[in-house]
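Heads up: the structure comes next, in structure tokens.
The values are calculated or read from the model by the stated rules, or taken from the named source; none is laboratory data. Small disclaimer: the values here were computed from a predicted structure and weren't measured. A quick note on method: Cβ atoms are made from the backbone with ideal geometry, for glycine too, and the neighbour counts reach across all protein chains shown. Accessible surface is based on the protein model in full, side chains and every heavy atom, while ligands, DNA and RNA are left aside. Shrake-Rupley method; radii C 1.70, N 1.55, O 1.52, S 1.80 Å.
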Amino acid sequence: NAVIVATNVCKEYNTGTVKVQALQGVNLTIHTGEVVAIMGPSGCGKTTLLNCLSSLDTIKSGTIKIAGRDIQCLSDRQLTALRAREMGFIFQSYNLLPVLTAVENVELPLLVSGERPKKAREQALERLAQVGLEARANHRPAELSGGQQQRVAIARALSTHPSIVWADEPTGALDSKSSQEVIDLMLRLNQEQQLTFVWVTHAREVAQQASRLITMSDGLITEDLALLKG
Ligand code: ADP
Ligand code: ADP
């Protein structure tokens, strides 16, 4: 079953007099349980594709369906609700709030979505345990290593039980050992919970661990390979 269906997606940026054709007719279906890596040279449209598929950005033409719903037929309010329900996000720079502890960062999306504080705290601690960081619950980001911060960010992404997690250069700021720990964690969550991941990455050793490797060039998908695992 498809989580994301993109059909003939075009995206154009207008910067004053210059128009940039960032996506030039992308077709892509992402199924539940896949780990999709997107590679390609800088400027080929990887981040743009991720932003459009996750409904953070609008497109010029084509259609995108998330969990069966055409996102162009939804209001901003409905889109926000859809993202909160279906999606988690992970970034190269973790994007944790520095003044909050690990557990406070993880429980924030739950509180925002209306969960009661006691329940939110319980669930946040459970998520931290899942990523092996229950002992660090009361540490602030600055007191954690890069790898630990990214694992907190993963716990936060999981807090609302999304079906798909988008990761833009999730290991871009990590050394190879922490990078592999973060990859192993995402692969385990994929196995255990059928959680779908999409990684934008420059790192071939990361991309090769996905179940599917997509290569982009000049705003188009130029290669789409199923990878053998194990
Ligand atoms: P990648 O992630 O593969 O490096 P991007 O998606 O960031 O590529 O960019 C694709 C193209 O769109 C590039 O030519 C880039 O300069 C351009 N671009 C990206 N974001 C913007 C923006 N906000 N305004 C104008 N042009 C943009
Ligand atoms: P990446 O290669 O990881 O996509 P970039 O350095 O290309 O990162 O882009 C970083 C940010 O700058 C993105 O949010 C992108 O949308 C924006 N951006 C990229 N190119 C342009 C551009 N030509 N004009 C305006 N914004 C841009």
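With respect to Q123, is the statement that it is open to solvent by 10 Å² or more (accessible area, probe 1.4 Å) and part of a helix (DSSP H, G or I) true?
So Q123 fits the description; yes.
Of the residues making up the range 18-58, those that are open to solvent by 30 Å² or more (accessible area, probe 1.4 Å) and within 16 Å of ligand 1 (Cβ to nearest atom) number 13. The residues of the range 159-171 that are open to solvent by less than 10 Å² (accessible area, probe 1.4 Å) and either in a strand (DSSP E or B) or away from ligand 1 (no atom under 16 Å from the Cβ) (or both), listed by number, are S159, I164, V165, W166, A167.
Kindly indicate whether any position in the range 172-184 is closer than 10 Å to A37 by Cβ and open to solvent by 10 Å² or more (accessible area, probe 1.4 Å). Among the residues of the range 172-184, not one is closer than 10 Å to A37 by Cβ and open to solvent by 10 Å² or more (accessible area, probe 1.4 Å), which makes the answer no. Note on the range 1-18: residues that are within 11 Å of ligand 2 (Cβ to nearest atom) and without any contact (Cβ under 8 Å) to a residue 60 or more places away in the chain total 5.
In the range 165-196, what residues are closer than 16 Å to E86 by Cβ and in contact with a helix residue (DSSP H, G or I) (Cβ under 6 Å, 6 or more places away or on another chain)? V165, W166, L195, listed by residue number. Just to be sure before I move on: is R156 in contact (Cβ under 8 Å) with a residue 60 or more places away in the chain, surrounded by 20 or more Cβ atoms within 10 Å (Cβ to Cβ), away from ligand 2 (no atom under 16 Å from the Cβ) and among the charged types (D, E, K, R) in the structure I sent? Spelling it out, R156 is indeed in contact (Cβ under 8 Å) with a residue 60 or more places away in the chain, surrounded by 20 or more Cβ atoms within 10 Å (Cβ to Cβ), away from ligand 2 (no atom under 16 Å from the Cβ) and among the charged types (D, E, K, R).
For the range 19-35, which positions are in contact with a helix residue (DSSP H, G or I) (Cβ under 7 Å, 6 or more places away or on another chain) and basic (K, R)? Selection gives nothing.
With respect to T80, is the statement that it is assigned to a helix (DSSP H, G or I), open to solvent by 50 Å² or more (accessible area, probe 1.4 Å), within 16 Å of ligand 2 (Cβ to nearest atom) and farther than 18 Å from N1 by Cα true? For T80, the condition - assigned to a helix (DSSP H, G or I), open to solvent by 50 Å² or more (accessible area, probe 1.4 Å), within 16 Å of ligand 2 (Cβ to nearest atom) and farther than 18 Å from N1 by Cα - is not met. Do we find a residue being in contact with a Lys or Arg (Cβ under 8 Å, 6 or more places away or on another chain), in contact (Cβ under 8 Å) with a residue 60 or more places away in the chain and hydroxyl-bearing (S, T, Y) anywhere in the range 160-168? Checked the range 160-168: at least one residue is in contact with a Lys or Arg (Cβ under 8 Å, 6 or more places away or on another chain), in contact (Cβ under 8 Å) with a residue 60 or more places away in the chain and hydroxyl-bearing (S, T, Y). The set of residues in the range 197-215 that are closer than 17 Å to L185 by Cα and in a strand (DSSP E or B) comprises F197, V198, W199, V200.
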